[in-house]
Amino acid sequence: MNNPYASLLLLMATLLSSPTQALAAEPLTPEERQIIHQAVLEKETFKIETEATRRTDDALARVFSTPFYDVTIIQHSDNHTQEESALLTNLDGQMVELKAPNTNQPLPDLQRLLNKDFQIKSPQDAFLLEEAMDILYPIRTTFGNEDLNQKAVLENGNQWLFIRGAFFEDLKGFVFKTDASGNITDASYALRIPANLPIQPIKRPNQSLTEVEKQAIHAAILKRDKVEIETDITKLESKALIRAFSAQFYDTTITRRNNNYSSESEVILAMQKGQVIEIDRPSTNQPVPELKKFLKKDFQLKSRQDASILEEALDILYPISEGYGSEDMEHKAIRQNGNQWLFIRGVFFRDLMGFIFETDNSGNILSVDYSLEIPDNK
């Protein structure tokens, strides 16, 4: 009986016995390739198992004409076991996997799967379709809820737009076109749905509560969960804070306890003229009027030394993350651009992010803004 490994060893010995030939990397003959391939096949034992369940969701049954199956695929080999999930359906007698679209593309197969008598004639029809789409193409929240927060249904003429998230400055989602009777004539996915369309999202049914309902629910929760709140307060003392700001700042740990859980959060609070305000870290292009309000009236940005004092104070109020994978600290810098002082706090895609202090010719601070679009002019 032929031993594929003996043949493989003989082949390798032949190749290694001639360094010149090995370095030349000559193409394998069909016989060589077959010997190696057969040896690998006999070495590796690979097995695939599948576990499938039929979806029984009412929305899927009302919108689509074919059943859908949740499938768990289990791959076994000598060294490891791996699992993955897939969603399959029957299209024209053939099992096909449904994959979420990720570019501008028509979706003729999705249109063919629809019930022939399903129409979009009202918001109720649209929300039923959205419920089905949530099952087939769930919005991912692995890296946060940004896409989920954009979720909406819009009616734009003969188009129904099912927004599934943001794509840079635009929106992304499914576009269903209908005729005058509500029959669906086209289905597609788009990454460039304008975010400034002059139409309002359709209001979802049963979402808004009356004030009486809100108060009754709030009272019931308060009655059920008696929350104890403790605070551990430390006054932030720094020469930079004292020289730049008139407000007092406090590092505050808030501990919440009830019968079921205990949680902690840490905030920085400012107190000025008896009023206490939480310092929120800016996360988008926005003015920061409270920061200007806290500055001493006689504090000016006239020199690099003044800017260094202000930067030290910002480091205390808005510390730059130095966690694993963070590159923000590497970009920290102070720049002057005319009457603007830029305090770089990190990188945002290809640009920089940070505070912008606008001054007059005497160095008096006129405004404070935060920007995610500071050009990285190296």
Inset, instruction - Output the number of residues of the range 308-360 satisfying the condition of being in contact with a Gly (Cβ under 8 Å, 6 or more places away or on another chain), of a type in the set (A, V, I, L, M) and within 16 Å of LYS292 (Cα to Cα). - result: 1
Inset, instruction - Return yes or no: is ILE120 in contact with a strand residue (DSSP E or B) (Cβ under 9 Å, 6 or more places away or on another chain) and either under 21 Å from ASN183 (Cβ atoms) or among the aromatic types (Phe, Trp, Tyr) (or both)? - result: yes
Legend entry - Checklist (1) part of a strand (DSSP E or B); (2) farther than 28 Å from LEU372 by Cβ; (3) not basic (Lys, Arg) applied to ALA180, failing item: (1)
Inset, instruction - Could you tell me which residue of the range 267-288 is farthest from ILE374 (Cα to Cα), considering only residues that are loosely packed, with under 11 Cβ neighbours inside 10 Å and small (Gly, Ala, Ser)? - result: GLY274
Inset, instruction - Given the conditions (1) within 29 Å of the chain's Cα centre (by Cα); (2) farther than 17 Å from ALA240 by Cβ; (3) not in a loop (DSSP other than H, G, I, E, B); (4) not hydroxyl-bearing (Ser, Thr, Tyr), report the number of the one that LEU366 does not fulfil. - result: (1)
Inset, instruction - Determine which member of the set PRO101, PRO106 is surrounded by 13 or more Cβ atoms within 10 Å (Cβ to Cβ), in contact with an Asp or Glu (Cβ under 8 Å, 6 or more places away or on another chain) and either hydroxyl-bearing (Ser, Thr, Tyr) or at pLDDT 90 or above (or both). - result: PRO106
Inset, instruction - Check off (1) under 30 Å from the mean Cα position of the chain (by Cα); (2) of a type in the set (A, V, I, L, M, F, W, C); (3) under 29 Å from GLN150 (Cβ atoms) for PHE118 and give me the number that stays unchecked. - result: (1)
Legend entry - All positions within the range 339-378 that are surrounded by fewer than 19 Cβ atoms within 10 Å (Cβ to Cβ) and basic (Lys, Arg): ARG350, LYS378
Inset, instruction - Kindly provide the set of residues from the range 260-298 that are basic (Lys, Arg) and either more than 23 Å from GLU358 (Cα to Cα) or not assigned by TED's automatic domain parsing to the domain that holds TYR318 (or both), ordered by number. - result: LYS273
Legend entry - Pairs, first surrounded by fewer than 17 Cβ atoms within 10 Å (Cβ to Cβ) in the range 289-306, second of a type in the set (Gly, Ala, Ser), C-beta under 6 Å, six or more apart: LYS296/SER246; GLN300/GLY363; LYS302/GLY363
Legend entry - Selected residue [in a loop (DSSP other than H, G, I, E, B) and over 24 Å from ILE242 (Cα atoms)] from GLU330, GLU322, GLU373: GLU322
Legend entry - One residue from GLY165, GLY144 being within 17 Å of the chain's Cα centre (by Cα), over 24 Å from GLU49 (Cβ atoms) and modelled with pLDDT of 90 or more: GLY165
Inset, instruction - Would you check which residues across the range 234-248 are free of Cβ contacts under 8 Å to residues at least 60 places away in the same chain, surrounded by 16 or more Cβ atoms within 10 Å (Cβ to Cβ) and in a strand (DSSP E or B) and list them? - result: GLN248
Inset, instruction - Tell me which of these GLN159 doesn't satisfy, since it passes every other one: (1) over 22 Å from ARG54 (Cβ atoms); (2) surrounded by fewer than 12 Cβ atoms within 10 Å (Cβ to Cβ). - result: (2)
Inset, instruction - Could you run through the range 249-285 and say how many residues are within 16 Å of LEU317 (Cβ to Cβ) and not in a loop (DSSP other than H, G, I, E, B)? - result: 14
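The values are calculated or read from the model by the stated rules, or taken from the named source; none is laboratory data. No experiment lies behind these values; they were computed from the predicted model shown. Glycine also receives a Cβ, built like all others from the backbone with ideal geometry; neighbour counts cover every protein chain displayed.
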